[in-house]
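Below is one structure, written out as structure tokens, with a few remarks after it.
The values are calculated or read from the model by the stated rules, or taken from the named source; none is laboratory data. Note that this is a predicted model, so its numbers are computed, not measured. FYI the Cβ positions are ideal-geometry reconstructions off the backbone, even for glycines, and counts take in every protein chain you see. What goes into the accessible areas is simple: the full protein's heavy atoms, side chains included, and nothing from ligands, DNA or RNA. Shrake-Rupley method; radii C 1.70, N 1.55, O 1.52, S 1.80 Å.
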Amino acid sequence: MADNDIITTPVFMDLADWRLIIYLAPGRLQAYLKSTVDAEAPLRAACDASWEAADASAMLRGLETSVYDRPSLLDDYEADIIIETPATLFVPSEAIEEPGDAETLYSTFFEATEADIFIDRIGPECCLYSPAQRMKPFLERTFPGARISSALSMLVSKFRSSGEGRRIHAHLHGKEADVIAFDGERLLCAASHTASDTTEAAYHIALARATYGLTTPSDKVWLSGPSEAREAVAAILNSAGVATEEASLPRLAEGGLPLAAAFCADRPIKRQQ
């Protein structure tokens, strides 16, 4: 990433000219400011806090402390909050119509009450997720009006429109592999998997291919993430006869910005000076 892509120097600003992007991952909060009037203005880093999050309650305590220790985050910005969590479930949108539907479906796999379950409606599907008890009311109370989405549902929305035919998109980051499969625009699966190494990441991709029958020569795997991991996974898959391609991503993602945050920052601005 070029030095001027993300800068940390303070600046006196009109709050209306900037959009706050908060990225929450287990034990970490990153926040950035994106100009809403100048598409070429660099992203400004506003916060990078980390804490031990051995369980969900520790995740919430660390989040509360990180926010309250940085009152500038509570200024009246237009805001996006992106939440990275493996506790994510995709269901048909028509399955979430009445109060209690989300809890009934989500609690089949994860423990949470209706009040703690976030719901992203992304067309034919809903993404249900609940990283920690009381996180939803805390965020809604602390950042009223903020757009909240899971990182995985944001990747689904972007990758759905970025290709054709039957394919898998696999995003590698840290010790995780996000594996998303499509048949045209129809979502087949989307999940974040623990991947301690590139062999395990390749296994999760191969398992998705086999499970959903994406095994013909035209069923490609699109890879994104750090080049070393991406190339290692590609080599494993290629040796098994699986065709791979490198996915085209926003420039900000190339320097380590979480991919969903890069997609969010790359959204066209509303106003131009």
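Data overview
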| quantity | calculated |
| --- | --- |
| Residues of the range 218-244 classified as of a type in the set (D, E, K, R), open to solvent by 60 Å² or more (accessible area, probe 1.4 Å) and assigned to a helix (DSSP H, G or I), total | 2 |
| Close pairs (8 angstrom Cβ cut-off, 6 or more residues apart or separate chains): closer than 13 Å to ALA170 by Cβ in the range 227-249, surrounded by 10 or more Cβ atoms within 10 Å (Cβ to Cβ) and aromatic (Phe, Trp, Tyr) anywhere | THR244/TRP222; GLU245/TRP222; GLU246/TRP222; ALA247/PHE159; ALA247/TRP222 |
| Counted residues, the range 65-88 - those being exposed (fewer than 14 other Cβ atoms within 10 Å of the Cβ) and in contact (Cβ under 8 Å) with a residue 12 or more places away in the chain | 6 |
| Evaluation of ALA247 against (1) modelled with pLDDT under 95; (2) surrounded by fewer than 18 Cβ atoms within 10 Å (Cβ to Cβ); (3) under 23 Å from ILE82 (Cα atoms) (one fails), failing number | (2) |
| Residue check, ASP17 open to solvent by 20 Å² or more (accessible area, probe 1.4 Å), over 24 Å from GLU140 (Cβ atoms), in contact with a strand residue (DSSP E or B) (Cβ under 8 Å, 6 or more places away or on another chain) and not basic (Lys, Arg) | yes |
| Selection status of ALA262, free of Cβ contacts under 8 Å to residues at least 24 places away in the same chain, part of a helix (DSSP H, G or I) and more than 16 Å from SER192 (Cα to Cα) | yes |
| Test result for SER107, out of contact with any helix residue (DSSP H, G or I) (no Cβ under 8 Å at 6 or more places or on another chain) and either closer than 16 Å to LEU29 by Cα or buried (at least 20 other Cβ atoms within 10 Å of the Cβ) (or both) | no |
| Number of the exception - ASP76 against (1) at pLDDT below 95; (2) out of contact with any strand residue (DSSP E or B) (no Cβ under 7 Å at 6 or more places or on another chain); (3) over 30 Å from ASP14 (Cβ atoms) | (3) |
| Exclusive hit being in a loop (DSSP other than H, G, I, E, B) and of a type in the set (A, V, I, L, M), set LEU214, LEU188 | LEU214 |
| Residues (in contact (Cβ under 8 Å) with a residue 24 or more places away in the chain, more than 20 Å from PRO226 (Cβ to Cβ), over 13 Å from the mean Cα position of the chain (by Cα) and open to solvent by 40 Å² or more (accessible area, probe 1.4 Å)) located in the range 153-164 | SER161 |
| Residue check, VAL91 surrounded by fewer than 20 Cβ atoms within 10 Å (Cβ to Cβ) and touching a helix residue (DSSP H, G or I) at 6+ places or on another chain (Cβ under 7 Å) | yes |
| Elements of type strands (runs of 3 or more DSSP E) contained in the range 33-100, each with 2 or more residues being under 21 Å from the mean Cα position of the chain (by Cα), at negative phi and of a type in the set (S, T, N, Q) | none |
| All positions within the range 29-63 that are farther than 21 Å from PRO268 by Cα and open to solvent by 40 Å² or more (accessible area, probe 1.4 Å) | ASP48, SER50, TRP51, GLU52, ALA54, ASP55, ALA56, SER57, ARG61 |
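Here is a yes/no grid of residues against (1) buried (at least 21 other Cβ atoms within 10 Å of the Cβ); (2) in contact with a Lys or Arg (Cβ under 7 Å, 6 or more places away or on another chain); (3) of a type in the set (Gly, Ala, Ser); (4) farther than 20 Å from GLU84 by Cβ:
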site: VAL179; (1), (2), (3), (4): yes, no, no, no
site: GLU185; (1), (2), (3), (4): no, yes, no, yes
site: ALA191; (1), (2), (3), (4): no, no, yes, no
site: ALA201; (1), (2), (3), (4): yes, no, yes, no
site: ILE205; (1), (2), (3), (4): yes, no, no, no
site: THR216; (1), (2), (3), (4): no, no, no, yes
